[in-house]
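The values are calculated or read from the model by the stated rules, or taken from the named source; none is laboratory data. Computed from a predicted structure; not experimentally measured. A quick note on method: Cβ atoms are made from the backbone with ideal geometry, for glycine too, and the neighbour counts reach across all protein chains shown.
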Amino acid sequence: MTTELLKQGSPEATIAPKPGTIEEDLLCNMELPLRGVFYPLGFPVEIVTNEQAVLDAANDSWGYLRPRQMNSVVQLRISVSEGGGSECPPTPVSRANRHLFSIVADTDNQAIVDLKAGFAAVWLNQATIRHSLYLRYYFLEGAAYILLCSSAVTSLHAACVSRYGRGILLCGDSGAGKSSLSYACARAGWTYTSDDASYLLHGTDDPRVIGNSHQVRFRPTAKTLFPELEGRALTPRAEGKPSIEVPTSELPGLITASEAKIDFIVYLKRGPSETGELTPLPDGAAIERIRENLYPIAEIRAIHEEAVQVLSGVPAYELRYRDFDHAIGQLDRLVRSHA
């Protein structure tokens, strides 16, 4: 018994791995020799990293976009370490306090975003790099858009289409038909700007939004509405909702514009018994609905509260509709009456 205890307590049996230096443990001075500048929403985002696959993923997300203005640059510093296996890391958890925003998947994959400094520090391992959609959605787009939404734009849960020089924000709850109606309008000759997310520009005299006019996203059930989607594969999305994602370049005849001036706000209510009725909303009602979906982070919300005031004078309506013909007819009459 004594011999066994001595063996268990001997130095050879209890040697632990040599601890790393503070610098190694903090990963604070990794060399990041690679650099690229990309333009999500047209704004410059600089990425510095030690892994080419990070720049390749960023190029997949934003490589086709061109700058709209160059007044300020936000930066992502992305340090990639070895390890992680082949499985995709877990869904990250986000937290915020004042001007700091964190994205944490596990001990090896996390980010800290400083909204005041316009900067994000991101630490990843090779497991994340091997799962490009995960990397793009959570750590590239997640960090970049939260930085841009604290400085340059306000995110609105709305589609955007235009006709006769008049732009309409199509708003409403999930399932109201924003994406499908915006595409139906585009098929009917309207100019398409965005299907579900529009970004209100800060510091403009007139309300203007930008959107991803290069792509339309559909729910899987949209194949029953639009025959041209038949045979299109589903795209797995990071939040678990598969969609059909189609570049507008593959949909012949569409007119697109990445930016639009907003002349009307229309809230959608779709139902089988609706007849295509367009009803004016009381003054201020649309702004109050928009405020309900602003970022809850105080530092960002204050900026967005001020930004959405540019929409306060925009006429707002509720559109109750049954099918696309009803809806497009009402929208067409609205813009014609103010053309």
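Descriptive notes on the structure:
- When Leu254 is tested against (1) surrounded by 12 or more Cβ atoms within 10 Å (Cβ to Cβ); (2) modelled with pLDDT of 90 or more; (3) farther than 28 Å from Gly42 by Cα, just one condition goes unmet, and that condition is (3).
- Scanning the stretch 58-69 for residues that are of a type outside the set (A, V, I, L, M, F, W, C) and buried (at least 16 other Cβ atoms within 10 Å of the Cβ) yields one hit, Ser61.
- Sole exception among (1) without any contact (Cβ under 8 Å) to a residue 60 or more places away in the chain; (2) farther than 22 Å from Val308 by Cβ for Gly177, by number: (1)
- The stretch 95-110 - residue that is outside any loop (DSSP other than H, G, I, E, B) and in contact (Cβ under 8 Å) with a residue 24 or more places away in the chain and, of those, farthest from Ser72 (Cα to Cα): Ala105
- Pair list, Cβ < 6 Å and 6+ apart or interchain, from the stretch 42-60 residues that are within 14 Å of Ile129 (Cα to Cα) to residues that are among the aromatic types (Phe, Trp, Tyr): Ala58/Phe38
- The number of residues in the stretch 178-224 being basic (Lys, Arg) and in contact with a helix residue (DSSP H, G or I) (Cβ under 8 Å, 6 or more places away or on another chain) comes to 3.
- Which listed residue, of Asp114, Asp106, is farther than 15 Å from Leu140 by Cα and acidic (Asp, Glu): Asp106
A quick yes/no check of all residues on (1) buried (at least 20 other Cβ atoms within 10 Å of the Cβ); (2) touching a strand residue (DSSP E or B) at 6+ places or on another chain (Cβ under 8 Å); (3) assigned by TED's automatic domain parsing to the domain that holds Gly36; (4) aromatic (Phe, Trp, Tyr):
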{"position": "Asn71", "(1), (2), (3), (4)": "no, no, yes, no"}
{"position": "Ser81", "(1), (2), (3), (4)": "no, yes, yes, no"}
{"position": "Gly85", "(1), (2), (3), (4)": "no, no, yes, no"}
{"position": "Pro89", "(1), (2), (3), (4)": "yes, yes, yes, no"}
{"position": "Ser94", "(1), (2), (3), (4)": "no, yes, yes, no"}
{"position": "Asn97", "(1), (2), (3), (4)": "no, no, yes, no"}
{"position": "Ile103", "(1), (2), (3), (4)": "yes, yes, yes, no"}
{"position": "Asp106", "(1), (2), (3), (4)": "no, no, yes, no"}
{"position": "Asn109", "(1), (2), (3), (4)": "yes, yes, yes, no"}
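- Subset of the stretch 159-200 that is of a type in the set (A, V, I, L, M, F, W, C) and within 16 Å of the chain's Cα centre (by Cα) - its residue that is modelled with the lowest pLDDT: Ala197
- When we screen Val122, Val54 for residues that are in contact with a Phe, Trp or Tyr (Cβ under 6 Å, 6 or more places away or on another chain), more than 30 Å from Leu254 (Cβ to Cβ), modelled with pLDDT of 95 or more and outside the structural domain of Gly329 (by TED's automatic domain parsing), the only hit is Val122.
- Of Ala307, Ala302, Ala260, all but one fail to be of a type in the set (Gly, Ala, Ser), surrounded by 18 or more Cβ atoms within 10 Å (Cβ to Cβ) and farther than 20 Å from Asn212 by Cα; the exception is Ala307.
- Scanning the stretch 67-94 for residues that are over 14 Å from Ile129 (Cβ atoms) and either assigned to a strand (DSSP E or B) or at pLDDT below 90 (or both) yields Arg68, Gln69, Met70, Asn71, Ser72, Val73, Val74, Gln75, Leu76, Arg77, Val93, Ser94.
- Of the residues making up the stretch 265-283, none is modelled with pLDDT of 90 or more, buried (at least 17 other Cβ atoms within 10 Å of the Cβ), within 26 Å of Tyr64 (Cα to Cα) and touching a strand residue (DSSP E or B) at 6+ places or on another chain (Cβ under 7 Å).
- Of all residues in the stretch 111-141, those satisfying the criterion of being touching a residue at least 60 places away in the same chain (Cβ under 8 Å) and either small (Gly, Ala, Ser) or closer than 23 Å to Ile303 by Cβ (or both) are Leu115, Lys116, Ser132, Leu140, Glu141.
- Of all residues in the stretch 284-304 being over 16 Å from Tyr267 (Cβ atoms) and in contact with a Ser or Thr (Cβ under 9 Å, 6 or more places away or on another chain), the one that is modelled with the lowest pLDDT: Glu299
- Just so you know, in the stretch 111-158 the residues that are under 13 Å from the mean Cα position of the chain (by Cα) and assigned to a strand (DSSP E or B) include one that is surrounded by the most Cβ atoms within 10 Å (Cβ to Cβ), and it is Ala158.
- Some residue of the stretch 243-257 being more than 27 Å from Glu228 (Cα to Cα) and not assigned by TED's automatic domain parsing to the domain that holds Tyr137: no
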